[in-house]
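Undergrad: Sharing a structure, written as structure tokens. Questions coming.
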Amino acid sequence: MEALSPSAPGGGQVKSPLVSVVMPVLNEAATLDSVLRRLGPLMGPGHELIVVDGGSTDATVEIATRYASEIVCARAGRAHQMNAGAAVARGSFLVFLHADTALPRGALEFVTEALRHAEWGRFDVRLSGSHPAFRIIERLMCWRSRWSGIATGDQAVFVRSESFRAVGGFPEMPLMEDVYLSRCLLARGRPACLRQRVVTSSRRWEAGGIVRTVLLMWTLRAAYACGVSPQRLAQHYRAHGDLANPQSTVPER
């Protein structure tokens, strides 16, 4: 793991940030500039953005350098990359943000307030597509998460740094690492379920077909609940979904 950090202005000591936003990326050059440009105004003073690259072969790192507080180079794999970012984070609170998910205005203020009363939490979610089916799916996603206390990566999971370390971070799994982490954190307390919405890309739903993707997600979740290993689930997803990019994960469901 290699970290590339900008220098503090005037060579002085940088005050520890309150919130560290950790974003894993891999070959995201086509969209990353616009993603980070929109994120910039939400950061504000006292926060940091850590971009964790998994070995991109395009201009991802060059683009991220323009915006990030720190760039970390790590082995590809979302769980590994997020752990690598958390390892160098200096904030009291962590937000794990996928590159295809956009935070709402005031997001970090909502996070800091929520984590004064809870150890972890997540946002409600909206899918970016305009198809009417997405409105039903996203409502069910938010309801299911609020009822079960399980959050997934598309909901921008946030957590106290000390709590994240206490449960050992994300497990090194090819799928379901977010569900596993949620279960560990749930044992420590219920999540703060914010009603403010992140907007996450519906591109995989649109590419794979809405009904087909829903059925695939239900199958994977049911199999995981029955004890099927994440490695076997990943093999099934490669055959029926999209894991050609190691950064891919199971879309929210």
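Just so you know, all these numbers are worked out from the coordinates, no wet-lab data involved. What you see is a predicted model; the values in this text were computed from it and never measured. Here Cβ is always computed from backbone atoms with ideal geometry, including for glycine, and neighbour counts include all displayed protein chains.
Undergrad: From the helices alone, meaning DSSP H stretches of at least four residues, give me the mean residue ellipticity at 222 nm for the chain, per-run term -39500 (n - 2.57), in deg cm²/dmol to the nearest 500.
TA: Theoretical 222 nm ellipticity from helices: -12500 deg cm²/dmol.
Undergrad: In nm, to one decimal, how far is the modelled label at Arg105 from the one at Arg183, with both set 7 Å along Cα→Cβ?
TA: In this crude label model, Arg105 to Arg183 measures out at 4.0 nm.
Undergrad: Using unit Cβ charges (K, R positive; D, E negative) and no other charged atoms, how large, in debye to the nearest 20, is the dipole of the range 62-162 about its Cα centre?
TA: Using only the charged Cβ atoms, the result is roughly 220 debye.
Undergrad: Is there a quick way to get the dipole size of the chain? I mean about its Cα centre, with the Cβ of Lys and Arg at +1 and of Asp and Glu at -1; what is the value in debye to the nearest 20?
TA: So the dipole magnitude of the chain works out to roughly 900 debye.
Undergrad: Taking amide hydrogens as modeled 1.01 Å from N in the peptide plane, which residues meet the under 5 Å criterion relative to Gly169, leaving out close sequence neighbours?
TA: Sorted by chain and number, the residues that satisfy this come to none at all.
Undergrad: Let me ask something else. Just name one of Val111, Pro191, Ser56: the one whose Cα is farthest towards the positive end of the charge dipole of the chain (beta-carbon charges, Lys/Arg +1, Asp/Glu -1).
TA: Farthest along the dipole direction, towards plus: Pro191.
Undergrad: In addition: Could you work out how much longer the chain between Ala225 and Glu162 gets when fully extended? Use 0.36 nm per residue separation minus the Cα distance between them, nm to one decimal.
TA: Fully extending the segment from Ala225 to Glu162 adds 19.9 nm.
Undergrad: Give me the Kirkwood hydrodynamic radius of the range 2-201 in Å, from all C-alpha pairs, to one decimal place?
TA: Over the range 2-201, the inverse of the mean reciprocal pair distance is 17.0 Å.
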